[in-house]
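Peer 1: Handing you this structure, nothing more for now.
The values are calculated or read from the model by the stated rules, or taken from the named source; none is laboratory data. Not measured: the values here are computed from a predicted model. Every residue, glycine as well, gets a Cβ built from its backbone with ideal geometry; the counts of neighbours run over all protein chains shown. In case anyone asks, the SASA skips ligands and DNA or RNA and just uses the protein heavy atoms, side chains included. Shrake-Rupley method; radii C 1.70, N 1.55, O 1.52, S 1.80 Å.
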Amino acid sequence: MVWGMGLLMMMMMMGISLRLLWYNKMRMKMRENIEKNNCGVPKGNLGWPLIGETLDFIASGYTSRPVSFMDKRKLLHGKVFKTHLLGTPIIVSTDPDVNKVVLQNIGNIFVPAYPKSIQELLGEHSILKMNGNLQKRVHALIGGFLRSPQLKTRITKHIENTVKLTLGSWQDMQLLHVQEETKKITFEVLVNVLMSVGAGEDLNFLKREFEEFIKGLICLPIKFPGTRLYKSLKAKERLLKMVKKIVEERKLVMEKTDEKGMARDAVEVLLRDSEESSEKQSLPLDFISGNVIEMMIPGEETVPMAMTLAVKFLGDCPIALHQLMEENMGLKKQKKDSGEDYSWTDYLALPFTQNVISETLRLANIINGVWRKALKDIDIKGYLIPKGWCVLASFISAHMDEEIYENPHLFYPWRWEKLGAAVNNSSFTPFGGGQRLCPGLELSRLEISIFLHHLVTTYKWVACEDEIVYFPTVKMKKKLPLKVTPLSNYRYKQTETLEVLSPHQKGAIGNGICIAASKQ
């Protein structure tokens with residue numbers, strides 16, 4: 001036993017020694033680059049050996065100002081700086097113009113680069129690792145399908161029914177947790193869009209295994225039995241088995257029926273593309289199955305969190321909630337008087353609702369940045385990014401920049417009345433950008449719009465005290481407990497629009513109108 005412990009200690013020391021050698025080699029390589037391009041390499045600090053500045057980075061994610069890590073270094077070193085995070089020397093960009101160049105130059109200059117646990121879990125066929133023509137092909141196929149008016153027309157009714165079913169169950173709940181309830185909506189909708197799987201045992205299995213799978217996205221890259229990564233990899237095996245079975249069955253049905261017309265779901269889109277062109281390389285079934293699983297992530301993480309945080313921010317800002325309610329009550333009355341069904345365009349045409357969604361996405365920073373690796377030396381705005389170095393394009397820094405957004409920590413939807421035309425610019429990137437812009441962004445907005453419409457025209461609510469945690473992913477600490485009261489218990493009456501104050505005035509007033517993010 002003593003011999004075994006000694007061997008273990010020796011192996012640990014060897015591991016640490018090798019890591020130190022690697023770290024010193026990277027520092028020497030960086031110094032060579034500095035000497036070679038004296039005025040170009042970003043300033044900064046690599047921090048402690050092995051851990052770099054990771055502890056400070058993680059600690060900021062447990063505060064109400066997660067951007068503080070970036071802000072401190074931006075003041076010291078400028079908008080682009082070097083540091084060492086999660087075991088990797090990295091250059092961080094808080095400059096929207098630099099971020100735009102990084103996002104647009106995928107494949108020839110930059111390639112995706114993510115922590116080892118993410119790469120291990122998503123596998124070799126991951127969307128994140130895909131490059132070149134294959135990435136463009138799959139992105140165009142899925143994007144075209146998700147943006148199509150035909151899908152939006154069909155899926156709008158399904159989203160409405162799912163939202164109404166979930167909201168209907170709230171009447172019998174003394175206390176509900178919004179973060180869990182929104183996942184019921186978004187996961188079912190997305191699985192239907194991807195694979196046409198409806199409510200039932202298959203959906204329950206997929207949700208259960210996916211929850212286990214996604215827990216390992218940010219974890220130690222150790223896959224011994226019992227570790228988080230090991231459990232998540234096992235969950236993915238079970239997911240793959242079921243999804244591949246669905247894909248194989250669909251392929252057989254398509255071969256027998258030779259159906260034409262619009263594809264029912266993403267699986268059919270990818271299978272049809274493989275069959276319709278002999279010039280293209282057929283997409284393997286394992287590839288399709290793996291990518292379908294990866295595309296389920298928004299249904300479990302990003303969209304439900306946007307819905308949850310919209311509820312929180314609106315609860316903290318009564319004047320915004322009042323205006324949102326006025327707008328949506330107007331649409332509801334219009335539809336009731338005409339007897340017409342809602343269309344997807346009705347929801348997306350509500351201007352203040354879209355402003356609330358934009359402001360929620362800006363403040364939430366659910367996707368706070370992207371990681372890329374430079375394939376060669378590149379100079380952007382005078383900053384040298386050396387070959388082999390990782391770059392973190394920080395979206396949260398742009399979203400919380402006082403030079404771009406007045407009083408950025410304040411929930412202020414009215415700012416978008418002026419900024420609306422700039423929604424797609426490099427200063428607002430909640431869905432990423434460039435060739436990897438999220439193909440489901442319009443569908444996500446539609447889902448959130450439908451949820452907010454039926455929520456504010458059905459209930460009043462009181463949220464229990466809760467706070468946002470930003471690491472490893474954005475979450476409500478207590479899942480946002482909520483007490484709801486049906487609006488039918490009140491007599492609703494349209495009133496004059498309340499006075500809308502400027503961001504500066506609201507920041508001064510504080511809790512009386514809208515609560516700043518710092519007080520979350």
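Peer 1: Restrict the check to the stretch 69-78 and report whether at least one residue is outside any helix (DSSP H, G or I) and either within 28 Å of the chain's Cα centre (by Cα) or at pLDDT 85 or above (or both). So that I can check it myself, show each step before the final result.
Peer 2: Of the residues in the stretch 69-78, the ones outside any helix (DSSP H, G or I) are 78.
Cutting the leftovers down to either within 28 Å of the chain's Cα centre (by Cα) or at pLDDT 85 or above (or both) gives us 78.
Yes, that holds for at least one residue.
Peer 1: Could you check the stretch 222-256 and list, in sequence order, the residues that are surrounded by 16 or more Cβ atoms within 10 Å (Cβ to Cβ) and not basic (Lys, Arg)?
Peer 2: Result: 229, 232, 233, 235, 239, 240, 242, 243, 246, 247, 254.
Residues checked against (1) modelled with pLDDT under 90; (2) outside any helix (DSSP H, G or I):
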{"position": "346", "(1), (2)": "no, no"}
{"position": "355", "(1), (2)": "no, no"}
{"position": "358", "(1), (2)": "no, no"}
{"position": "370", "(1), (2)": "yes, yes"}
{"position": "393", "(1), (2)": "no, yes"}
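Peer 1: Here is a list: 403, 417. Which entry is open to solvent by 20 Å² or more (accessible area, probe 1.4 Å) and without any contact (Cβ under 8 Å) to a residue 60 or more places away in the chain? Let's see the steps before the verdict.
Peer 2: On the way: 417 fails: without any contact (Cβ under 8 Å) to a residue 60 or more places away in the chain.
Unique residue meeting the criteria: 403.
Peer 1: Out of all the residues in the stretch 196-203, is one or more out of contact with any Ser or Thr (no Cβ under 8 Å at 6 or more places or on another chain), part of a helix (DSSP H, G or I) and either under 28 Å from residue 472 (Cα atoms) or among the polar types (S, T, N, Q) (or both)?
Peer 2: Looking only at the stretch 196-203, we keep the residues that are out of contact with any Ser or Thr (no Cβ under 8 Å at 6 or more places or on another chain), and these are 196-203.
With the extra rule that they be part of a helix (DSSP H, G or I), the set shrinks to 201-203.
Remaining after also requiring either under 28 Å from residue 472 (Cα atoms) or among the polar types (S, T, N, Q) (or both): 203.
Yes: the stretch 196-203 contains one or more residues that are out of contact with any Ser or Thr (no Cβ under 8 Å at 6 or more places or on another chain), part of a helix (DSSP H, G or I) and either under 28 Å from residue 472 (Cα atoms) or among the polar types (S, T, N, Q) (or both).
Peer 1: Out of the stretch 141-177, which residues are in a helix (DSSP H, G or I), aliphatic (A, V, I, L, M) and open to solvent by 60 Å² or more (accessible area, probe 1.4 Å)? Don't jump to the end; show me each part of the working.
Peer 2: Here is the first cut: in the stretch 141-177, the ones in a helix (DSSP H, G or I) are 141-147, 149-172.
When the remaining residues are screened for being aliphatic (A, V, I, L, M), the result is 141-142, 146, 151, 155, 159, 163, 165, 167.
Correct list: 165 only.
Peer 1: Here's a follow-up. Look at the stretch 39-57 and say how many of its residues are surrounded by 14 or more Cβ atoms within 10 Å (Cβ to Cβ) and either modelled with pLDDT of 85 or more or assigned to a strand (DSSP E or B) (or both).
Peer 2: Summing the residues that are surrounded by 14 or more Cβ atoms within 10 Å (Cβ to Cβ) and either modelled with pLDDT of 85 or more or assigned to a strand (DSSP E or B) (or both) in the stretch 39-57 gives 8.
Peer 1: Further question on the same structure: Taking residue 163, is it β-branched (Val, Ile, Thr), at pLDDT 90 or above and touching a Leu at 6+ places or on another chain (Cβ under 6 Å)?
Peer 2: Working: β-branched (Val, Ile, Thr): yes; at pLDDT 90 or above: yes; touching a Leu at 6+ places or on another chain (Cβ under 6 Å): no.
Judged against the criteria, residue 163 is not a match.
Peer 1: Taking the stretch 300-344 as the search range and keeping residues that are among the acidic types (Asp, Glu) and in a helix (DSSP H, G or I), which one is nearest to the chain's Cα centre (by Cα)? Full working, then the answer.
Peer 2: So in the stretch 300-344, the residues among the acidic types (Asp, Glu) come out as 300-301, 316, 326-327, 337, 340-341.
Next, only the ones that are in a helix (DSSP H, G or I) stay: 300, 326-327, 337.
Numbers: 300: 10, 326: 29, 327: 27, 337: 38 Å.
Among residues in the stretch 300-344 that are among the acidic types (Asp, Glu) and in a helix (DSSP H, G or I), the one nearest to the chain's Cα centre (by Cα) is 300.
Peer 1: Kindly establish whether residue 433 is under 30 Å from residue 107 (Cα atoms), modelled with pLDDT under 90 and buried (at least 17 other Cβ atoms within 10 Å of the Cβ).
Peer 2: Criteria met by residue 433.
Peer 1: Return yes when residue 458 is at pLDDT 90 or above, more than 30 Å from residue 104 (Cα to Cα), of a type in the set (Ser, Thr, Tyr) and touching a helix residue (DSSP H, G or I) at 6+ places or on another chain (Cβ under 8 Å) and no when it is not. Break it down into steps so the answer makes sense when it comes.
Peer 2: Details: at pLDDT 90 or above: yes; more than 30 Å from residue 104 (Cα to Cα): yes; of a type in the set (Ser, Thr, Tyr): yes; touching a helix residue (DSSP H, G or I) at 6+ places or on another chain (Cβ under 8 Å): yes.
So residue 458 fits the description; yes.
Peer 1: Checking residue 363 against (1) out of contact with any helix residue (DSSP H, G or I) (no Cβ under 6 Å at 6 or more places or on another chain); (2) of a type in the set (A, V, I, L, M, F, W, C); (3) at pLDDT 90 or above: exactly one of these is not met. Which one?
Peer 2: Condition (1) is where residue 363 drops out.
Peer 1: Could you tell me how many of the residues in the stretch 39-70 are in contact with a Lys or Arg (Cβ under 8 Å, 6 or more places away or on another chain) and within 21 Å of residue 363 (Cβ to Cβ)?
Peer 2: 1
Peer 1: In the stretch 291-347, which residues are small (Gly, Ala, Ser) and open to solvent by less than 10 Å² (accessible area, probe 1.4 Å)?
Peer 2: Quick first cut of the stretch 291-347, residues small (Gly, Ala, Ser) only: 299, 306, 310, 315, 320, 330, 338-339, 343.
Correct list: 299, 306, 310, 320.
Peer 1: I'd like the full set of residues that are in contact with a strand residue (DSSP E or B) (Cβ under 6 Å, 6 or more places away or on another chain) and crowded, with 24+ Cβ neighbours inside 10 Å, limited to the stretch 352-369. Reasoning before the result, please.
Peer 2: Here is the first cut: in the stretch 352-369, the residues in contact with a strand residue (DSSP E or B) (Cβ under 6 Å, 6 or more places away or on another chain) are 369.
Within the stretch 352-369, no residue meets the criteria.
Peer 1: Would you check which residues across the stretch 116-140 are part of a loop (DSSP other than H, G, I, E, B), surrounded by fewer than 20 Cβ atoms within 10 Å (Cβ to Cβ) and on the phi < 0 side of the Ramachandran plot and list them?
Peer 2: 124, 125, 126, 127, 128, 129, 131
Peer 1: While we're looking at this one, here's another question. So, in the stretch 148-164, exactly how many residues are over 17 Å from residue 194 (Cβ atoms) and of a type in the set (D, E, K, R)?
Peer 2: Total meeting the criteria: 3.
Peer 1: A follow-up question, please. Does residue 468 satisfy the condition of being more than 24 Å from residue 151 (Cα to Cα), open to solvent by 40 Å² or more (accessible area, probe 1.4 Å) and touching a residue at least 12 places away in the same chain (Cβ under 8 Å)? Before you say what the answer is, go through the steps one by one.
Peer 2: On the way: more than 24 Å from residue 151 (Cα to Cα): yes; open to solvent by 40 Å² or more (accessible area, probe 1.4 Å): no; touching a residue at least 12 places away in the same chain (Cβ under 8 Å): yes.
So residue 468 does not fit the description; no.
Peer 1: If a residue must be open to solvent by less than 10 Å² (accessible area, probe 1.4 Å) and either among the hydrophobic types (A, V, I, L, M, F, W, C) or farther than 21 Å from residue 235 by Cβ (or both), how many such residues does the stretch 182-206 contain?
Peer 2: Of all residues in the stretch 182-206, those open to solvent by less than 10 Å² (accessible area, probe 1.4 Å) come to 182, 185-187, 189, 191, 193-195, 206.
Still in the running and either among the hydrophobic types (A, V, I, L, M, F, W, C) or farther than 21 Å from residue 235 by Cβ (or both): 182, 185, 187, 189, 191, 193-195, 206.
Here the count works out to 9.
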